[in-house]
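Heads up: the structure comes next, in C-alpha cells.
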Amino acid sequence: MIAVIAAFNPDEDFGKRVEGLQSYVDEVIVVNDGSGESYDGIFDTVSALGASVLHSAKNSGIAAALNSGVRRARQLASPHFILTMDQDSSLDLDYVRKAVATYDAAWSAGVNVGLVSAQSFNSVPALKDGSAAGRFGVPFDPWQSGMLIPSTVFDSGISFNEEYFIDNVDSEFSLNLRTKDYMPIMGEGCNLLHNLGEKKVGRVLGREIAYTYHSPKRIYYITRNSFFLAQDYLVRCPRWFVRKTFHDILNQSIRFILSEQKRSVARMIAAGVRDGLMRRPGRFEDKYPV
C-alpha cells in the first residue's frame, strides 16, 4: 500500500504527520503542489524521513497533485491499494487495518468496492447515504483524505477531475465511481483526525453559530464547482445532488451573513456562478490575475 499526500504550503508539523503515516503503509509519496521557496526546508525534512517528494513548478490543484502521486506510485510498484491523504490529516489507531478488513468483508459479500472512507472525523460520525449489502455504510459525500482506493479503480481509467482544481474534487470522484458501478463504503471503526480549518463563532438573531471560515477565493471554488457537479451529475444522481445543494446553500449563507468581507464574498460568488455556468475550469489566478 502506498499513501499519496498533496501538499501546498504545509505547516511545521507536516513532517511529524508523514512520519506517523509511514508506520501504516509501505511508502509515502508527497506531492509539493507549487509551495513557495520558504517551505523547502519542510520538504527536505520529509525527504530525509524516507518519503518520495515530487515537486510541481506551479500550484496545479489537489486533483492534479493526487493524480501525479498516483501515477508515481504505480510506476514504483504495483500496490493493491492507494491511500490518499490531506496535508493536515492523520490516522487514528488501526485505521488502515480496519479499512482493509472492511474492504475484504464487503468484497466477499459481493460489493464492488470503489473506495473505503472514514466512518468518522475527529470522532464525529460522517453522513451516510444508505448501506451496501445491508451492512456496509455508504458515505454521503466522502472526503478524499483517508480514502483507501483499490488499484483496480485506476486500472479502469478513473482519476481525480483536474477541472475542479480544489473543492468538490472528492465529491466528483465518488460520484464518478458510482456511475461506473463501483460503491464507496465506510471503513468500520475508521476515524480520521483532521484539522477542520479556521473555526469562528458568529451571532444571528441573538444565537451563537459556530462555522468554518473560508476565504473569499475558496468560496469562489466552492460556488463554481457546485455548478460543475450539477452539469456532470444532476441528471444521473438527482437525489444526491438535491441533498448536497441544500447543505452547500446553508453553509454558504451562514458564511456570507457572518462574513466581515461581504463585498469580496459577493464578488467571488458572482464570479463562481459565472464561471460555473460557462464551464471555465482551472485556477482562479489564471483567469483573474492581480
Condition first: within 26 Å of Glu208 (Cα to Cα), surrounded by 15 or more Cβ atoms within 10 Å (Cβ to Cβ) and of a type in the set (Val, Ile, Thr). Now tell me which residues in the range 254-284 satisfy that. Ile254, Val265, Ile269
Residue ranges of strands (runs of 3 or more DSSP E) in the range 56-140 with at least 2 members touching a residue at least 60 places away in the same chain (Cβ under 8 Å): 81-86, 89-91, 113-117
Does at least one position in the range 10-18 carry a residue that is in the same structural domain as Leu115 (by TED's automatic domain parsing), closer than 20 Å to Ile149 by Cβ and in contact (Cβ under 8 Å) with a residue 40 or more places away in the chain? yes
Restricting to the range 265-290, count the residues that are out of contact with any Lys or Arg (no Cβ under 9 Å at 6 or more places or on another chain) and among the small types (Gly, Ala, Ser). 3
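Do you know which of the residues in the range 1-45 that are among the acidic types (Asp, Glu) and not in a strand (DSSP E or B) is nearest to Gly69 (Cα to Cα)?
Here is the first cut: in the range 1-45, the ones among the acidic types (Asp, Glu) are 11-13, 19, 26-27, 33, 37, 40, 44.
Next, from what is left, pick out any that are not in a strand (DSSP E or B): 11-13, 19, 26, 37, 40, 44.
Values: Asp11: 20, Glu12: 22, Asp13: 21, Glu19: 18, Asp26: 15, Glu37: 21, Asp40: 18, Asp44: 18 Å.
So, considering only residues that are among the acidic types (Asp, Glu) and not in a strand (DSSP E or B), the one nearest to Gly69 (Cα to Cα) is Asp26.
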Of (1) modelled with pLDDT of 95 or more; (2) over 23 Å from Asn251 (Cβ atoms); (3) of a type in the set (Gly, Ala, Ser), Ser174 satisfies all except one. Which? (2)
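Being β-branched (Val, Ile, Thr), closer than 19 Å to Ala65 by Cβ and either surrounded by fewer than 21 Cβ atoms within 10 Å (Cβ to Cβ) or touching a strand residue (DSSP E or B) at 6+ places or on another chain (Cβ under 7 Å) (or both) narrows it down to one residue among Ile185, Ile149; which is it?
Details: Ile185 fails: closer than 19 Å to Ala65 by Cβ.
Among Ile185, Ile149, only Ile149 is β-branched (Val, Ile, Thr), closer than 19 Å to Ala65 by Cβ and either surrounded by fewer than 21 Cβ atoms within 10 Å (Cβ to Cβ) or touching a strand residue (DSSP E or B) at 6+ places or on another chain (Cβ under 7 Å) (or both).
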Given the options Ala109, Ala101, name the one that is more than 20 Å from Leu192 (Cβ to Cβ) and not aromatic (Phe, Trp, Tyr). Ala109
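Scan Asp13, Asp33, Asp44 and give me the residue that is surrounded by 18 or more Cβ atoms within 10 Å (Cβ to Cβ) and acidic (Asp, Glu).
Working: Asp13 fails: surrounded by 18 or more Cβ atoms within 10 Å (Cβ to Cβ); Asp44 fails: surrounded by 18 or more Cβ atoms within 10 Å (Cβ to Cβ).
From the options Asp13, Asp33, Asp44, the qualifying one is Asp33.
Is it the case that some residue within the range 278-288 is small (Gly, Ala, Ser) and within 21 Å of Asn59 (Cα to Cα)?
Initially, the range 278-288 is screened for residues small (Gly, Ala, Ser), giving 282.
Narrowing the set further to residues that are within 21 Å of Asn59 (Cα to Cα) leaves 282.
Yes, the conditions are met somewhere in the range 278-288.
The values are calculated or read from the model by the stated rules, or taken from the named source; none is laboratory data. What you see is a predicted model, and the numbers here were worked out from it, not measured in a lab. So basically every Cβ, Gly included, is an ideal-geometry build from the backbone, and we count neighbours across all protein chains shown.
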